[in-house]
Amino acid sequence: MQIPNLHYEFQSVFNSTKIPRSFFAPGRINLIGEHTDYNGGNVFPASISFGTYALAQKREDQKIRFFSMNFTDTGIIECELSDLDYDETHSWVNFPKGIIKYMCENGFNILNGMDILYYGNIPTGAGLSSSASIEMVTGVLLEGLFDLTIDRLEIIKLGLKVENEYIGVNSGIMDQFAIGKGRKNHAILLNCQTLEYEYAPIQLDDHVIMIINTNKQRTLVGSKYNERRSQCEKALKELQTELNIQNLGNLTIEQFKEHKHLIQDETNRKRAKHVVYENERTLKALVLLRQGSLDLFGRLMNESHISLQNDYEVTGIELDTLVKAAWNQPGVIGARMTGAGFGGCAIAIVEKSQLDSFRYNVNQIYANAIGYEASFYTATIGDGAREINGGVL
């Protein structure tokens, strides 16, 4: 995917002759560990090559001007440094505004206005975390532009605060963490409760990670997400009658087997089972990738999808069709849904020599079954949010 000449665009939009500084924050995929985050378990994300670019320069006054090449119809959206409250009419601009507001409130000296141009190449609606990418690129932009010393974890937590309190979305910390702490050719095993983390090398060699977008409009995610959370909370409450645990992520498989009878409702028992077994898969994934056992890691991906399909029931016909088609292609090590489910994306680890036939065959099967095509993206695993080459794109 070719990136436009962003310096030219910046100078044209803002009528500037200066060369702005350039920043980038990736999107993310979650390789394994789905719906474990809000249950106190582990996730296993990686930052990818698609993401959000931001070009910026300081102004002499207090005005902040925002422009996105992805939403050109909205033109330049302006606000004052003294008025950073949420504004429904500012649409996407509320994400960077929220970061600026919270950084100012946390005592960081942001004394000037700015001109900022954004450009993102994360596929729209794919569930690869474009909002967290905007938040994190804005955080590193402020850090660079105003010569601030900020612990990266602080920017990550402020990004989460923007989602939870400023925007009002009850999400976890995985997206901001993966984008803020990403490392090239590595995934991150992250404990969502303690924020302890370890890097796992991903030696793809003759393989690539293929992201496959169902292109389904995800209308059920919010309500079903809340329903799953509630089911897990009920299961936890019943387990706590005999077990001293804070969340489902504290349970081993053996403990679950021994105490699952405490969960009265069969559906809630299935939900808890997924969380416990999926959490265990994240720990196995770390070991296998450190051993370079990509094939065995692929099996964990397959097991994860089956669990999300049968026990957590968040896949749907679109994702199941894609993943099943992927499993049946030559050169595929593993495939699974990634993200909240009910649409969005699947990921597959595919042999490079089989990529063209993989795309063609999977798309044919999917279009015949669903009635419209999927979209395919080859992603590399890159570093987290950062300034680009001292400002040169």
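The values are calculated or read from the model by the stated rules, or taken from the named source; none is laboratory data. Fair warning: this is a prediction, and the values are worked out from it, not measured in the lab. With ideal geometry, Cβ positions are generated from the backbone for all residues, glycine too; neighbour counts draw on all protein chains shown.
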Odd one out for Lys63 among (1) over 15 Å from the mean Cα position of the chain (by Cα); (2) crowded, with 16+ Cβ neighbours inside 10 Å; (3) modelled with pLDDT of 95 or more: (2)
Top-ranked residue of the range 104-125 - restricted to ones that are of a type outside the set (S, T, N, Q) and in contact with an Asp or Glu (Cβ under 9 Å, 6 or more places away or on another chain), ranked as farthest from Tyr8 (Cα to Cα): Phe108
Single condition Cys104 does not satisfy, out of (1) without any contact (Cβ under 8 Å) to a residue 24 or more places away in the chain; (2) under 22 Å from Leu195 (Cβ atoms): (2)
Identity of the residue in the range 200-248, in a helix (DSSP H, G or I), surrounded by fewer than 17 Cβ atoms within 10 Å (Cβ to Cβ) and acidic (Asp, Glu), that ends up modelled with the highest pLDDT: Glu233
Hits in the range 1-26 (condition: among the charged types (D, E, K, R) and over 23 Å from Asp73 (Cα atoms)): Lys18, Arg21
When residues of the range 351-393 are limited to those that are within 21 Å of the chain's Cα centre (by Cα), under 27 Å from Glu278 (Cα atoms) and of a type outside the set (Gly, Ala, Ser), the one surrounded by the most Cβ atoms within 10 Å (Cβ to Cβ): Ile381
The range 249-264, subset surrounded by 13 or more Cβ atoms within 10 Å (Cβ to Cβ) and not in a helix (DSSP H, G or I), residue farthest from the chain's Cα centre (by Cα): Ile263
Every pair of residues 6+ apart whose Cβ atoms lie under 8 Å, when the first sits in the range 260-286 and is touching a residue at least 40 places away in the same chain (Cβ under 8 Å) and outside the structural domain of Gln231 (by TED's automatic domain parsing) while the second is among the hydrophobic types (A, V, I, L, M, F, W, C) and not in a loop (DSSP other than H, G, I, E, B): none
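If only one of Phe44, Phe10, Phe24 is in contact with a Lys or Arg (Cβ under 7 Å, 6 or more places away or on another chain), outside the structural domain of Ile211 (by TED's automatic domain parsing), modelled with pLDDT of 95 or more and closer than 24 Å to Gly384 by Cβ, which one is it?
Values: Phe44 fails: in contact with a Lys or Arg (Cβ under 7 Å, 6 or more places away or on another chain); Phe10 fails: in contact with a Lys or Arg (Cβ under 7 Å, 6 or more places away or on another chain).
Matching residue, one of Phe44, Phe10, Phe24: Phe24.
Which strands (runs of 3 or more DSSP E) does the range 314-393 wholly contain that include 3 or more residues that are within 22 Å of Ile134 (Cβ to Cβ)? Please lay out each step first, then the result.
Values: elements: 332-338, 345-351, 375-379.
Those strands (runs of 3 or more DSSP E) span 375-379.
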Where a residue in the range 172-186 is at negative phi and its partner, wherever it lies, is hydroxyl-bearing (Ser, Thr, Tyr) and modelled with pLDDT under 95, with Cβ under 7 Å and at least six apart: Gly172/Tyr38; Asp175/Ser129; Ile179/Ser129
Matching residues, the range 144-166, being closer than 17 Å to Ser22 by Cβ and touching a Lys or Arg at 6+ places or on another chain (Cβ under 9 Å): Gly144, Leu145, Phe146
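Could you look through the range 1-59, keep only residues that are among the hydroxyl-bearing types (Ser, Thr, Tyr) and surrounded by fewer than 19 Cβ atoms within 10 Å (Cβ to Cβ), and pick out the one that is nearest to Met114 (Cα to Cα)?
This residue is Ser16.
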